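To start, the structure itself, in structure tokens.
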Amino acid sequence: MERTSSFFLFITALLILTSVSQSLWSQQKYTLDPSTIKDPTGYKLRTGDRIRILVSGETEATVDTVLNGYGSVRPAYINDVKLAGLNVDQAAKEISRQYQLQLIYRRPSVTVLVTKYTEQMVFLSGAVNKKGPYILPPEVEGMSIVEVIARSGGFTDIARKNKVYVTRTYYNKSGDATSTKTYEVDVEALSKGTLSSGSAKRFWIYPGDRVQVPERLI
């Protein structure tokens, strides 16, 4: 009888430990993905952005253009240059490099300005007050999931706030989709700051992400 009792106590303790471990894992697992860290180098150009290219001292080389479906533009006098994924400083350096390679200018001073951002949308479904697309502010690279949901009207009364799913598609340098991952995010803990030690304080939402909020059992 004593052995049976000890066995049941052991099983109970094991189940509790497993439950706690799973809870901690559900809070921490998405922190292992590098995309949860905001890129410190600034806004990245993307297809549909309208930009102005200026070359110092060469007014005839000024070009107003839009990044095409390949993420490229055609500056004055040279072939297409791919700029998608670069910030404006990196884009200016790349155009300057191409001018030198194609023997147009020896030491060009190039400036790239964004004159109109393309719309960056995320999609919300489930137990949120405003379902459908949400347009991110044009000047941001991403936004925390807590802020996205708040700006979209917040959760409904029956939302399961501790288990929100974010589906994200990843692309290679050529712009081809390579994989899709779904993350389970404890938004309630993020908003209250009660995540376990070592977990990220924010989960970033990026253009194209799909946020699905399940309903809790009543």
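Annotations for the structure displayed:
- Residue in the range 104-126 that is farthest from the chain's Cα centre (by Cα), counting only those that are outside any strand (DSSP E or B) and β-branched (Val, Ile, Thr): Ile104
Listed here are the residues, each with its yes/no results for (1) modelled with pLDDT of 95 or more; (2) outside any loop (DSSP other than H, G, I, E, B).
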{"position": "Leu54", "(1), (2)": "yes, yes"}
{"position": "Thr65", "(1), (2)": "yes, yes"}
{"position": "Asn68", "(1), (2)": "no, no"}
{"position": "Ala76", "(1), (2)": "yes, no"}
{"position": "Ala84", "(1), (2)": "no, no"}
{"position": "Ala91", "(1), (2)": "yes, yes"}
{"position": "Glu94", "(1), (2)": "yes, yes"}
{"position": "Gln98", "(1), (2)": "yes, yes"}
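- Pairs, first in the same structural domain as Trp204 (by TED's automatic domain parsing) and surrounded by fewer than 18 Cβ atoms within 10 Å (Cβ to Cβ) in the range 130-145, second of a type in the set (Gly, Ala, Ser) and outside any loop (DSSP other than H, G, I, E, B), C-beta under 9 Å, six or more apart: Lys131/Ser125; Gly132/Ser125
- Of all residues in the range 172-209 being under 30 Å from Asn68 (Cα atoms) and part of a strand (DSSP E or B), the one that is modelled with the lowest pLDDT: Ala177
- Per-region count, the range 127-152, residues of a type in the set (A, V, I, L, M, F, W, C), under 20 Å from Ala84 (Cα atoms) and outside any strand (DSSP E or B): 1
The values are calculated or read from the model by the stated rules, or taken from the named source; none is laboratory data. Remember, it's a predicted structure, so these values are computed and weren't measured experimentally. Methodologically, a virtual Cβ is constructed for each residue, glycine included, from the backbone with ideal geometry; neighbour enumeration extends over all protein chains shown.
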